[in-house]
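Only one structure is covered here, and it is reproduced in the block below.
The values are calculated or read from the model by the stated rules, or taken from the named source; none is laboratory data. Nothing here was measured: the structure is a model prediction, and the numbers come from that model. Neighbour counts are summed over all protein chains in view; Cβ atoms, including those assigned to glycine, are modelled from backbone coordinates with ideal geometry.
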Amino acid sequence: MRRRWPLIALALVVFLAISAVLARWLSTEGVERDKVEMLLQAQARGDALSMLHQLHGCGDPACRAIVAHNARTLKRRGDVKIVSYESGTSYALGSSTGPTRVAWTSLQQGLVEVQCVTVRRSGSALAGRSVTLLRISAPIDRQGSC
């Protein structure tokens, strides 16, 4: 029995290490969704400056114009509710950049808008993951894809 304790302890340590890495990797989905939701909340408030702070690499005039236009035309009362969320980078093991299609509405106004957000995931489950929002599109067709 004494010989088994070191093996049991080693198995427990390996199990806990794998669990920690897996939890870190899976939590990236929630981080991405939270960041997209914060971006949409700023947009619904009509806060273009906050949107620009959340979008990295949106310094070119075309991107800034889309953000300003969205903040002006998509201003809504009430909290943002995400109706549909389709991430192009979901469960990526390594670095990945892709579109996320998000359908959202304002609880008080009820109009559904569909937009694409370009998302970059980088890092690894061991070293740490990061999620960066790059761009947001103007509204697309409700059945459209990114």
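Among (1) loosely packed, with under 13 Cβ neighbours inside 10 Å; (2) modelled with pLDDT of 95 or more; (3) farther than 13 Å from S137 by Cα, there is one condition L7 misses while meeting the rest; what is its number?
The single condition L7 does not satisfy is (2).
Of everything in the range 106-128 that's charged (D, E, K, R) and buried (at least 19 other Cβ atoms within 10 Å of the Cβ), which residue is farthest from L39 (Cα to Cα)?
Once the filter is applied, the top-ranked residue is R121.
May I ask you to list the residues in the range 69-94 that are under 16 Å from D34 (Cβ atoms) and in a loop (DSSP other than H, G, I, E, B)?
D79, T89, S90, listed by residue number.
Which condition number does A62 fail, the rest of (1) surrounded by fewer than 11 Cβ atoms within 10 Å (Cβ to Cβ); (2) outside any helix (DSSP H, G or I); (3) hydrophobic (A, V, I, L, M, F, W, C) being met?
(2)
Are any residues in the range 100-112 of a type in the set (F, W, Y) and free of Cβ contacts under 8 Å to residues at least 12 places away in the same chain, and if so, which ones?
If the condition is that a residue be of a type in the set (F, W, Y) and free of Cβ contacts under 8 Å to residues at least 12 places away in the same chain, then no residue fits.
Please pick out the residue among V131, V80, V117 that is over 30 Å from I18 (Cα atoms), of a type in the set (A, V, I, L, M, F, W, C) and within 12 Å of the chain's Cα centre (by Cα).
V117
If a residue must be within 23 Å of R121 (Cα to Cα), surrounded by 15 or more Cβ atoms within 10 Å (Cβ to Cβ) and in contact (Cβ under 8 Å) with a residue 24 or more places away in the chain, how many such residues does the range 75-99 contain?
8
Would you pick out the residues in the range 35-47 that are small (G, A, S) and surrounded by fewer than 19 Cβ atoms within 10 Å (Cβ to Cβ)?
Result: G46, single match.
Residues that are assigned to a helix (DSSP H, G or I), out of contact with any Pro (no Cβ under 9 Å at 6 or more places or on another chain), modelled with pLDDT of 90 or more and hydrophobic (A, V, I, L, M, F, W, C): does the range 17-37 have at least one?
Yes, the range 17-37 contains at least one residue that is assigned to a helix (DSSP H, G or I), out of contact with any Pro (no Cβ under 9 Å at 6 or more places or on another chain), modelled with pLDDT of 90 or more and hydrophobic (A, V, I, L, M, F, W, C).
Which pairs turn up if I take residues in the range 27-54 that are over 21 Å from G78 (Cα atoms) and without any contact (Cβ under 8 Å) to a residue 60 or more places away in the chain and look for partners that are part of a helix (DSSP H, G or I) and not β-branched (V, I, T) with beta carbon separation below 7 Å, at least 6 apart in sequence or on another chain?
Matching pairs, first to second residue: L52/R64.
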